[in-house]
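*Asks:* Here it is, the structure, as structure tokens.
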Amino acid sequence: MPNRISRRKFLGAASTVAVSSLSSKTSAKSALATAREQPPESSPADRIVDMHVHFDEASPSFVSDLLKLCGSLNLTACVLTPFSSRKIVAETARQHPSQIVPFGYVDLDAHDIVQQVEEFHALGYRGLGELEFVKKPFNDPSYFPVYELANRYAWIVLFHTGIVLRKKFDEPEDVASGRMRPIHLEEIARRFPKITVLGAHCGNPEYEWAAEIARWNPNVFFDLSGSSLTKMRERLADFRKIFWWSGSDWKTNTPDNDPSAYTKIVFGSDVQLSEIESVVHQYEAMFDACDLSPHTRKMIMGGTLAKMLKLQG
């Protein structure tokens, strides 16, 4: 799988990390030794479950830093893990199951993609994501073998949806946001009903398409990571127009039978570890602007994903 520039670094994240790799046995053992020194797992009360934490291969302290953050924020992190780092994250997740949930970060166009997915499953991974930079639309039949496996495993699959960063400004690149539109997720959700289809960024800027697809498909959810909560900070109440059907009977299942349309949202940060708490506050500001109930807020911030992932205390 080709190396990719981190979206968080590309956008100018605050943290500076040393260039190193956890691929070597020495680094892996060191990271695990540090992880064992972390405080006990936090309680499940008011737990935050972050669906969108990218593993940082450039930071030798990423594992220990993440575990410290999980302890301080009462956070469970779904760690989107490149194939090269699959074993270190799998081992950390085994030792800290209420704080680390492993997800496989794969290239859908890789020649050995099916084998990668099978190995992720054998290591105990819980899903795939974030799928992005695809050469064809997400619903292209050439990707169906991957979705068939995910359907067999009843996995959560996180798709990038909407506008995507540009990594190269002076060179041509085979990237198009139109291949990652939220509308493509509808066919996947219907063809593969055992997959929980989760769209990152709520289709930015196609929020209405994203919401309507989630409304009619009980296995479709979205996170609000990315630029949306920043660019809409002065008009957060506009989300009322997007998630408009609260209290209506559309005869689709909702998490915990909560009647709020906003239960189709889950928490996702997609930032450097030092910035996750600020994204929590952005979500809270949206909750206040849209007058969400305490129960709905808890479902968005962790309750829905905790049930999906069957997280234990």
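*Asks:* Give the dimensionless ratio obtained when the Cα radius of gyration of region 22-309 is divided by 2.2 N^0.38 Å.
*Replies:* Normalised Cα radius of gyration, region 22-309: 0.97.
*Asks:* Can you tally the net charge around residue 183? Count Lys and Arg as +1, Asp and Glu as -1, for every other residue whose Cβ sits under 15 Å from the Cβ of residue 183.
*Replies:* Counting the neighbours of residue 183, the net charge comes to 0.
*Asks:* If you don't mind, there's one more thing I want to ask. Over region 194-244, what is the relative contact order in whole percent, taking alpha-carbon pairs under 8 Å and six or more residues apart?
*Replies:* RCO, region 194-244: 41 percent.
*Asks:* Starting from the eigenvalues of the Cα gyration tensor, five times each then square-rooted, give me the equivalent ellipsoid semi-axes of region 153-201, largest first, whole Å.
*Replies:* 27, 10, 9
*Asks:* Explain nothing, just the number: relative contact order of region 183-313, from Cα pairs under 8 Å at least 6 residues apart, as a whole percent.
*Replies:* 23
*Asks:* Give the cross-link partners of residue 298 among the aspartates and glutamates, using a straight C-alpha distance below 12 Å as the criterion and excluding same-chain residues fewer than 8 apart.
*Replies:* Cα-Cα hits under 12 Å: 46, 256, 258, 284.
*Asks:* What is region 22-309's relative contact order, in percent, from Cα pairs under 8 angstrom and six or more apart in sequence?
*Replies:* Averaging sequence separation for qualifying contacts and normalising by length gives 16 percent for region 22-309.
*Asks:* Once you list every other residue whose beta carbon is under 14 Å from the beta carbon of residue 222, what net charge do they have if Lys and Arg are +1 and Asp and Glu are -1?
*Replies:* -4
*Asks:* Students often get this wrong, so check it: of 231/264; 167/194; 168/231, which have C-alpha atoms separated by over 28 Å?
*Replies:* Correct reply: 167/194.
Just so you know, all these numbers are worked out from the coordinates, no wet-lab data involved. Here the structure is a predicted model, which is why all the values come from computation and not from measurement. Every residue, glycine among them, receives a Cβ derived from its backbone with ideal geometry; neighbour counts consider all protein chains shown.
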